Amino acid sequence: MIDFIDPIYLLAVIVFIFGLKGMSSPKTARGGIVAAGVAMLIAVVATAAAFFFPTTASLLGLSGTPALVNLALIALGIGIGGGLGYYAAKKVQMTAMPQMVAAYNGMGGGAAAAIAAVELLAGSGINGLSVAGAVIGSVSIAGSLIAFLKLQGWMRQRPIVYPLQQPTNIAVLIVGVFFGVLSVVMNQGVYLLPFFVLTLLFGILLTLPIGGADMPVVISLFNALTGIAVAMDGFSIQNYAMIVAGILVGAAGTLLTVLMARAMNRSIPSVLFGAFGATEEVGGSIQGSLKPIEPDDAASLLAYAGQVVIAPGYGMAVAQAQQKVKELVDALEAKGVTVKFAIHPVAGRMPGHMNVLLAEAGVSYDHLYDRDEINPEFATTDVVLVIGANDVVNPAAHRQGSPLFGMPILDVENAKNVLVIKRGQGKGFAGIENDLFYKDNCRMLYGDAQAVVGKLIQSLKTV
Amino acid sequence: MDVYAALFVVVLSAFLGYEVISRVPVLLHTPLMSGSNFIHGIVLVGAMVALAIAQTPLEQAVGFVAVVMGAMNVTGGYAVTERILAMFDRSKKQGGSP
């Protein structure tokens, strides 16, 4: 009975692994997260219970039952943090999910850094590992918060660049780590202040030059980093649950980061150091003009098409247009038109972003096609309706010298007609002019995606 | 902890993490990122221990921050993942009955 904590941690870790496994298939995904949630609850409750059994508490590195005030603070902290986290996650709009993941990931990184700080102040853990956990955790929280601010639009999304950026950043990191090592060697807590200030600053500086288009990759990278920071803390305080769960997330998160970067044809170093979207393309002048079209004319094009492919992007998410889009699909199918969705892996702000929104609106899986499946079909498609997507349909990706060159795109330009719903004449997230909009077979529908799709549905009724 | 035991744990966990994810469809990238984000919420356990051993007011304050942040990671990470996945469930039902 006394040594219950390690068996329970072992059980929790096993359930985490199966939970993660479950989350990698649509059928079992929901069961996966629920199982992981139950395991987490049990691990937390068991840890709290362990505090009251001196022998078990000593296994966690405690010398007896903690002081009452500490126990009260733990309960209060869980109450405040848990309540706040749950409330915000339930209340936020679905479109804001990417930045919420960034924010909660930052919280995890911050917790890891703070744990390391306590260990360093108290001198109780293994100090070298605590310093490593603190560095990685600090970078993760600071970077995640910048990513949150950029995605939330509270901060300029374009890369922020300045001269000698990389050398400056590296210098900040080196000096920061130096103070961390100094605090351990000299056993002086006072050096921890510049240590944390500089490592947090490094996290901010690292993220500033990264443009909005690369944010999903960066959030995924910080997610992996938080996992590693948690594992470092786990080593420091000898907690196997933290070690295994941390490394598990570190490895899975790293692979996920690579998969995402590959989908965008970007390498991790170029994401981190490339300042993608900061520079304008020079020389590539575009032929043609932007040609608007009335909703009535667009509706008749759609109504008499054999096959319509819809290519959604972030604009659909911003306008909350997914429900209207579903209505449009129903209206078109009632007229005997085949409707398919072309889902670019990185359309929106995160891989799978479009799938989530369309699922929310009730569009079934079998309507969704990924890039490789749908690209050969565009040549035989009558109308492609681009809803608020830009960079992922930009044929500039096929032109050498363009900043987008090499990125796999949806080749919607091959369709007979292309209709583009777009808020205004601005550029895409990457800040690059879109050749597609100037093609002869392309017509523009300006306006908020939800309003425009609403008009199309109205017009369809009269066709 | 034995250094080699620790390295075995790291190597095996890393392989597990890699294997478990390697065949995931793009559709699930976002929920999976969110789900793994939830799993590193186990940091809350460490934060509780850190606050439990805290002695000075400064240690208590930092430990308290750790617990608050760790708890946010847990509940927020869970709620976000659950919300995203709940949508897939709903679409499956609707998709089945045209």
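The values are calculated or read from the model by the stated rules, or taken from the named source; none is laboratory data. The shown structure was predicted, so the numbers you read here are calculated from the model rather than taken from an experiment. Neighbour counts run over all protein chains shown; Cβ positions are idealised from the backbone, glycine included. These area figures cover heavy atoms from the full protein model, side chains too; ligands, DNA and RNA do not enter into them. Shrake-Rupley method; radii C 1.70, N 1.55, O 1.52, S 1.80 Å.
Here are the numbers:
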read-out: Residue match in the stretch A:200-221 (condition: within 10 Å of chain B (Cβ to nearest Cβ), free of Cβ contacts under 8 Å to residues at least 60 places away in the same chain, of a type outside the set (Asp, Glu) and closer than 21 Å to B:Val11 by Cβ); value: no
read-out: Those residues of the stretch A:177-196 which are aromatic (Phe, Trp, Tyr), farther than 19 Å from B:Pro57 by Cα and crowded, with 17+ Cβ neighbours inside 10 Å, in sequence order; value: A:Phe179, A:Phe195
read-out: In the stretch A:6-34, residue farthest from A:Phe51 (Cα to Cα) [restricted to those that are β-branched (Val, Ile, Thr) and more than 8 Å from chain B (Cβ to nearest Cβ)]; value: A:Thr28
read-out: Hits in the stretch A:107-161 - residues which are open to solvent by 20 Å² or more (accessible area, probe 1.4 Å), away from chain B (no Cβ under 13 Å) and not in a helix (DSSP H, G or I); value: A:Gly153, A:Trp154, A:Met155, A:Arg156, A:Gln157, A:Arg158, A:Ile160, A:Val161
read-out: Failed criterion for A:Ala29 (all others in (1) touching a Leu at 6+ places or on another chain (Cβ under 6 Å); (2) touching a residue at least 40 places away in the same chain (Cβ under 8 Å) hold); value: (2)
read-out: Residues satisfying the stated conditions in the stretch A:222-249, i.e. facing another protein chain (nearest Cβ under 7 Å) and closer than 28 Å to A:Asn390 by Cβ; value: A:Asn223
read-out: Tally of residues being within 13 Å of A:Leu460 (Cβ to Cβ) and either among the basic types (Lys, Arg) or without any contact (Cβ under 8 Å) to a residue 24 or more places away in the chain (or both) across the stretch A:313-359; value: 6
read-out: Residue tally, condition of a type in the set (Ser, Thr, Tyr) and farther than 27 Å from A:Thr95 by Cα, over the stretch A:139-168; value: 2
read-out: Residue in the stretch A:221-240 that is more than 23 Å from A:Val177 (Cα to Cα) and among the β-branched types (Val, Ile, Thr) present; value: no
read-out: Wholly within the stretch A:282-397, helices (runs of 4 or more DSSP H) carrying at least 2 residues that are within 11 Å of chain B (Cβ to nearest Cβ); value: A:322-334, A:353-361, A:371-374
read-out: Residue that is surrounded by the fewest Cβ atoms within 10 Å (Cβ to Cβ) [pool: residues in the stretch A:352-408 that are over 23 Å from the mean Cα position of the chain (by Cα) and charged (D, E, K, R)]; value: A:Asp366
read-out: Single match in B:Val49, B:Val24, B:Val68, B:Val80 (criterion: at the interface with chain A (Cβ under 7 Å from one of its Cβ atoms), out of contact with any Lys or Arg (no Cβ under 7 Å at 6 or more places or on another chain) and not in a helix (DSSP H, G or I)); value: B:Val24
read-out: Single unsatisfied condition, A:Gly37 versus (1) facing another protein chain (nearest Cβ under 9 Å); (2) at pLDDT below 90; (3) in contact with an Asp or Glu (Cβ under 9 Å, 6 or more places away or on another chain); value: (2)
read-out: Pick from the stretch A:50-69, criterion touching a residue at least 40 places away in the same chain (Cβ under 8 Å) and among the small types (Gly, Ala, Ser), ranking: nearest to the other protein chains (Cβ to nearest Cβ); value: A:Gly61
read-out: 2 or more residues within 19 Å of A:Arg158 (Cβ to Cβ): qualifying helices (runs of 4 or more DSSP H) within the stretch A:201-274; value: A:215-236, A:268-273
read-out: Residues satisfying the stated conditions in the stretch A:148-173, i.e. touching a Gly at 6+ places or on another chain (Cβ under 6 Å) and among the polar types (S, T, N, Q); value: A:Gln157
read-out: Residue list for the stretch A:437-449, filter: surrounded by 21 or more Cβ atoms within 10 Å (Cβ to Cβ) and part of a helix (DSSP H, G or I); value: A:Phe437, A:Ala449
read-out: Set A:Ala147, A:Ala171: member being out of contact with any strand residue (DSSP E or B) (no Cβ under 7 Å at 6 or more places or on another chain), more than 30 Å from B:Val26 (Cα to Cα) and not polar (S, T, N, Q); value: A:Ala171
read-out: Some residue of the stretch A:295-303 being under 27 Å from A:Gln93 (Cβ atoms) and either assigned by TED's automatic domain parsing to the domain that holds A:Asp370 or of a type outside the set (Ser, Thr, Tyr) (or both); value: yes
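For (1) at pLDDT below 85; (2) surrounded by fewer than 23 Cβ atoms within 10 Å (Cβ to Cβ); (3) in contact with a helix residue (DSSP H, G or I) (Cβ under 6 Å, 6 or more places away or on another chain), each residue gets a yes or a no:
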{"position": "A:Val230", "(1), (2), (3)": "no, no, yes"}
{"position": "A:Gly246", "(1), (2), (3)": "no, no, yes"}
{"position": "A:Ala252", "(1), (2), (3)": "no, no, yes"}
{"position": "A:Gln287", "(1), (2), (3)": "yes, yes, no"}
{"position": "A:Lys291", "(1), (2), (3)": "no, yes, no"}
{"position": "A:Ala319", "(1), (2), (3)": "yes, yes, yes"}
